[in-house]
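Undergrad: Okay, handing you the structure first.
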Amino acid sequence: MGRDTLEQLSLFSEEEKTNYSSDVETQVCDDCKEELPLRSYRIKNIHTEITGVLSNVCGSCDNIRRQKSRLRRSVLDDPDKDYKCPICLRTEKEIQSKGLVIDIKTYKIAVNKYARKSIWRLDHCHITEKVRGFLCNPCNTALGNFKDSIDVLKRAIQFMERSDDNSTDI
């Protein structure tokens, strides 16, 4: 049996492999800035049967966000099949060909990451609430990770340009 085989990985339950911290019991909401108990936040992404990623906004603020999102979505239809993301220039078909989840034993496709929902996200400015247009989910997430900040994006570009000049081959 190899070091990273499935048999070895499944010897211990998920609970036994998870390290728990009792230090953190509250979190500050990104929107309302209130410090609230962790149970006031939704779990966004499930990682395993017992772990998930906690939202950065409390349930009340998340409800407001969802209402605004539904309102924005109600005025526009999804783009047509030939639409390309204005950032990565990929079509829906090109994006859907990535992100496949496979059965480890058979290599058969178990799930397409984008099968249950549209890959297009209606992007908007979080300050003015103005709609900017449709982006693919990965590009929209990337902008969100940069907090929709042009200054942060410029620093990222500068970092990449500097890294290209100073990088070494390994």
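No lab work stands behind these numbers, since they all come straight from the coordinates. The structure displayed is predicted, hence computed values, not measured ones. In this analysis, Cβ positions are derived from the backbone assuming ideal geometry, glycine residues included, and neighbour counts consider all displayed protein chains.
Undergrad: Taking amide hydrogens as modeled 1.01 Å from N in the peptide plane, which residues meet the under 5 Å criterion relative to residue 134, leaving out close sequence neighbours?
TA: Sorted by chain and number, the residues that satisfy this are 123.
Undergrad: So for each of 66-77, 126-137 I average, over its residues, the number of other beta carbons within 10 Å; can you give me the resulting order with the highest mean first?
TA: 126-137, 66-77
Undergrad: Suppose each label sits 7 Å from its Cα in the direction of the beta carbon; what would the residue 110-residue 149 distance come out to in nanometres?
TA: In this crude label model, residue 110 to residue 149 measures out at 3.7 nm.
Undergrad: What number, in percent, do you get for the relative contact order of the range 26-99 if the mean sequence gap of Cα pairs under 8 Å and at least 6 apart is divided by its residue count?
TA: After rounding, I find 18 percent.
Undergrad: Would you mind checking which residues have amide H under 5 Å from residue 52's amide H? H placed 1.01 Å from N; only 5 or more apart, or other chain.
TA: 47
Undergrad: Continuing with this model, one more query. Place the peptides 85-94, 28-37 in order of packing, highest mean first, counting for every residue the other Cβ atoms within 10 Å and averaging per peptide. Mind dumping the intermediate values first?
TA: Numbers: 85-94: 15.4, 28-37: 13.1.
Order by mean packing, descending: 85-94, 28-37.
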